[in-house]
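As structure tokens, the structure follows; a few thoughts come after it.
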Amino acid sequence: MTEPETGTTTGTSTVAAEPVLSMRGLSVDYLTDTSPVHAVDDVTLELHRGEILGLAGESGSGKSTLANAVARLLKPPALVTAGEVLYHPAGGGPVDVLRMSPKALRKFRWRELSVVFQSAMNSLNPVSTVGAQIDDTLRAHDTTLTAAQRRERAVELLRRVGISADRVRSYPHELSGGMRQRAAIAIALALNPEIIIMDEPTTALDVVVQRDILREISALRREYGFAVVFITHDLSLLLSMADRIAVMYAGQLVEVGAARDVHDVPSHPYTHGLLHSFPKLRGPREELLGIPGTPPDLRDLPPGCPFHPRCRFAVDACAELTPALLEVHSGQYAACLAHDPASYGAPVPTELSGEGSGR
Ligand SMILES: Nc1ncnc2c1ncn2[C@@H]1O[C@H](COP(=O)(O)OP(=O)(O)OP(=O)(O)O)[C@@H](O)[C@H]1O
Ligand SMILES: [Mg+2]
């Protein structure tokens, strides 16, 4: 289940896909009073340097748990039960994130990786101005800067995310929801990290503000070169901004590939269902397939493929065999028996095969 090196298409240029972060066989349980909730189950995934990787999936599919495991933000009853997370610093050997000392972890968080959550109110301090919060972050992690340099940097960071200099002295409650989210992004950028994890950063905002912020994140990424893990349950949002997309279902990675490939030829029935669950604004009208049923209980997954009870392509074997994440097209992987004809025993459904898609 290891992803080979592939190229990431960014705009018109293809850059070498060098990992900045890799998850290998990562599993996380929530140890509840009853049986454990398998929130993340054997996930192997790479974040490439400088890319925007979109992480999609229904509510409860394990997206935030995966992100929090990577950022070392899990709290009991969450427990990493297997696997590893490696950070690959530029020009250095890999560092095991899950075994970092508290000192190394302090440096890793903020300087190398920072997180933006859905609700900026949860990450901003209500009794401190946004300027002071950037200043605090800079002072805590970069002792070489003078007060004047920190002030200059705070103004510059706010300007970069579309907040004017006179807002430096504003308190979070004096800002709109969109402005607060921009301020949270400015703080995340303060130490110029290589990785930014954004967990539904725009979900609570209206669509126009959301689009503006997404455009700015893309522009900032081009300028600063950081990599982004962008989490949302809105796959259509990711298609317009992500380089690659990873789709989770019931704690497992079911598909990963270049955004264009995932859009043009979704290779897992779940991705296919997600893509057809909303009406298209442009293009020919299509049947709204949606996805019948509800996600499984993560304490007690069905045997075989966890998606098979909801899958319109399922055959008998899907209730017995657990599909591996197989490469179905260059750089595109799907965990579906339909791509493993020896087990599936039926022709690959044309919807999942790319037949007629021109590739
Ligand atoms: N503290 C907890 N104790 C027990 N189970 C938990 C806990 N936190 C999360 N879970 C369960 O773990 C699973 C994954 O949750 P997670 O929050 O990672 O999903 P998500 O994909 O981020 O969902 P959403 O889109 O709603 O944010 C869910 O079934 C959830 O109920
Ligand atoms: Mg979440």
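The values are calculated or read from the model by the stated rules, or taken from the named source; none is laboratory data. No experiment lies behind these values; they were computed from the predicted model shown. Reconstructed Cβ throughout: ideal geometry from the backbone, glycine too, with neighbour counts over all protein chains shown. Side chains are part of the model used for accessible areas, which takes the heavy atoms of the whole protein and leaves out ligands, DNA and RNA. Shrake-Rupley method; radii C 1.70, N 1.55, O 1.52, S 1.80 Å.
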- Can you tell me which residue in the range 59-73 is modelled with the lowest pLDDT, limited to those that are near ligand 1 (Cβ under 6 Å from one of its atoms) and on the phi > 0 side of the Ramachandran plot? Gly60
- Item | Selection count where residues are assigned to a helix (DSSP H, G or I), open to solvent by less than 40 Å² (accessible area, probe 1.4 Å) and in contact (Cβ under 8 Å) with a residue 24 or more places away in the chain, scope the range 90-141 | 11
- Query: Which one of Val37, Val85, Val28 is within 8 Å of ligand 1 (Cβ to nearest atom), over 14 Å from the mean Cα position of the chain (by Cα) and either of a type outside the set (Lys, Arg) or open to solvent by 10 Å² or more (accessible area, probe 1.4 Å) (or both)?
  - Reply: Val37
- Message: So in the range 224-234, with the set limited to residues that are open to solvent by 10 Å² or more (accessible area, probe 1.4 Å) and closer than 10 Å to Leu55 by Cβ, which one is farthest from the chain's Cα centre (by Cα)?
- Response: His233
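Conditions (1) free of Cβ contacts under 8 Å to residues at least 12 places away in the same chain; (2) within 16 Å of ligand 2 (Cβ to nearest atom); (3) buried (at least 24 other Cβ atoms within 10 Å of the Cβ), marked per residue:
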position: Met179; (1), (2), (3): no, no, no
position: Ala188; (1), (2), (3): no, no, yes
position: Ile197; (1), (2), (3): no, yes, yes
position: Ala204; (1), (2), (3): no, yes, no
position: Val207; (1), (2), (3): yes, no, no
position: Arg211; (1), (2), (3): yes, no, no
position: Leu238; (1), (2), (3): no, yes, yes
- Message: Here's a check for you: in the range 245-254, which residue that is under 13 Å from the mean Cα position of the chain (by Cα) and open to solvent by less than 10 Å² (accessible area, probe 1.4 Å) is farthest from ligand 1 (Cβ to nearest atom)?
- Response: Ile245
- Spans of strands (runs of 3 or more DSSP E) in the range 176-295 with at least 1 residues of a type in the set (Ser, Thr, Tyr): 244-249
- Kindly establish whether Ala148 is buried (at least 20 other Cβ atoms within 10 Å of the Cβ) and not in a loop (DSSP other than H, G, I, E, B). no
- Scope the range 80-89; condition of a type in the set (A, V, I, L, M, F, W, C) and without any contact (Cβ under 8 Å) to a residue 60 or more places away in the chain; matching residues: Val80, Ala82
- Item | Every pair of residues 6+ apart whose Cβ atoms lie under 6 Å, when the first sits in the range 51-79 and is open to solvent by less than 10 Å² (accessible area, probe 1.4 Å) while the second is basic (Lys, Arg) and within 13 Å of ligand 2 (Cβ to nearest atom) | Leu55/Lys63; Gly57/Lys63
